[in-house]
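Let me begin by presenting the structure, written as structure tokens, before commenting on it.
The values are calculated or read from the model by the stated rules, or taken from the named source; none is laboratory data. On a predicted model such as this, the values are computed, not experimentally measured, just so you know. With ideal geometry, Cβ positions are generated from the backbone for all residues, glycine too; neighbour counts draw on all protein chains shown. With ligands, DNA and RNA removed, areas are computed over all heavy atoms of the protein, side chains included. Shrake-Rupley method; radii C 1.70, N 1.55, O 1.52, S 1.80 Å.
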Amino acid sequence: MMQNAFDIIGFDLDGTLVDSSIDLAAAVNHALSTIGLPPHPVDEIKRYVGKGTRVMLERALRASGDYSDERLKALSPILMDYYQEHLCDHTRLYPGAMDAMEKLRTRGMKLAICTNKYERFTLPMLRALELDHLFDAIVGGDTVGRAKPNPEPLHEMIRRAGGGRCIFLGDTSNDIDGARNAGLASIAVSFGFVDVTNELGADAILHHYDDLMPMLECWPNR
């Protein structure tokens, strides 16, 4: 059997493994509606994702022109409570992701997640999507008290997965900068929540999960 270039394949969650944009937008817009603010389009809210739910709401409030610390503090629990009840109304894996992960596991590679989404959302989401059994490590934005691009959660992900050579997939600068800060190779997915994939500085760009295994098989001569 061909030698694997990596022992661990790490994934961001939102915008990388799953498209959760509709459910995230619904939660943000629900919170805004409680103070009479108009909704934001889904594609706009996608750009607010990446540093956790609270920052997503802060960005939406600033875009609405009605930001204050008091507003953010008051609306955060409203958003989070709503989102926790609607985690997977529309959230789905990206095409080809399940098949790719199953192939990686068959080849003996471990799978892991490092997301800035809090554990209270991450773990129930993975259970609801029946994905939790696939991963040897799951690290959320509040697991170690630091979030990407800080390297600590990525180091913890690797430790929990048993250690070894790791590559990380993500869709935002938090993911790619975090991988770089942790000394990891990185792949940016072009189908995620940002439209500046070519500017992230990843080692490679993935356009569809059908291409992940071939990309890893010829790494680094991709």
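In summary, helices (runs of 4 or more DSSP H) completely within segment 1-112 and bearing 2 or more residues that are among the acidic types (Asp, Glu) and over 19 Å from the mean Cα position of the chain (by Cα) occur at 69-85. Determine, yes or no, whether residue 48 is among the aromatic types (Phe, Trp, Tyr), in contact (Cβ under 8 Å) with a residue 60 or more places away in the chain and under 29 Å from residue 151 (Cβ atoms). Spelling it out, it is not the case that residue 48 is among the aromatic types (Phe, Trp, Tyr), in contact (Cβ under 8 Å) with a residue 60 or more places away in the chain and under 29 Å from residue 151 (Cβ atoms). Here is the figure for segment 113-134: residues that are within 14 Å of the chain's Cα centre (by Cα), part of a loop (DSSP other than H, G, I, E, B) and surrounded by fewer than 15 Cβ atoms within 10 Å (Cβ to Cβ) total 0.
Considering (1) more than 27 Å from residue 24 (Cβ to Cβ); (2) without any contact (Cβ under 8 Å) to a residue 12 or more places away in the chain, say which one residue 165 fails and leave the rest. For residue 165, the failing item is (2). For segment 142-162, filtered to residues that are in a loop (DSSP other than H, G, I, E, B) and open to solvent by less than 10 Å² (accessible area, probe 1.4 Å), the residue that is farthest from residue 107 (Cα to Cα) is 148.
Total residues in segment 67-98 satisfying the condition of being in contact with a helix residue (DSSP H, G or I) (Cβ under 7 Å, 6 or more places away or on another chain) and either basic (Lys, Arg) or open to solvent by 50 Å² or more (accessible area, probe 1.4 Å) (or both): the figure is 9. When the residues of segment 177-222 are filtered to those that are part of a strand (DSSP E or B) and among the β-branched types (Val, Ile, Thr), the one that is most open to solvent (accessible area, probe 1.4 Å) is 205. The residue pairs whose first member lies in segment 96-110 and is farther than 22 Å from residue 19 by Cβ, whose second member is modelled with pLDDT of 95 or more and open to solvent by 50 Å² or more (accessible area, probe 1.4 Å), and whose beta carbons are closer than 7 Å, counting only pairs six or more residues apart or on different chains, are 109/7; 110/7; 110/136; 110/162.
For residue 43, the criteria (1) surrounded by fewer than 14 Cβ atoms within 10 Å (Cβ to Cβ); (2) acidic (Asp, Glu); (3) in contact (Cβ under 8 Å) with a residue 40 or more places away in the chain hold in every case but one, which is (3). Is it true that residue 137 is under 17 Å from the mean Cα position of the chain (by Cα), crowded, with 22+ Cβ neighbours inside 10 Å, on the phi < 0 side of the Ramachandran plot and touching a residue at least 24 places away in the same chain (Cβ under 8 Å)? Criteria not met by residue 137.
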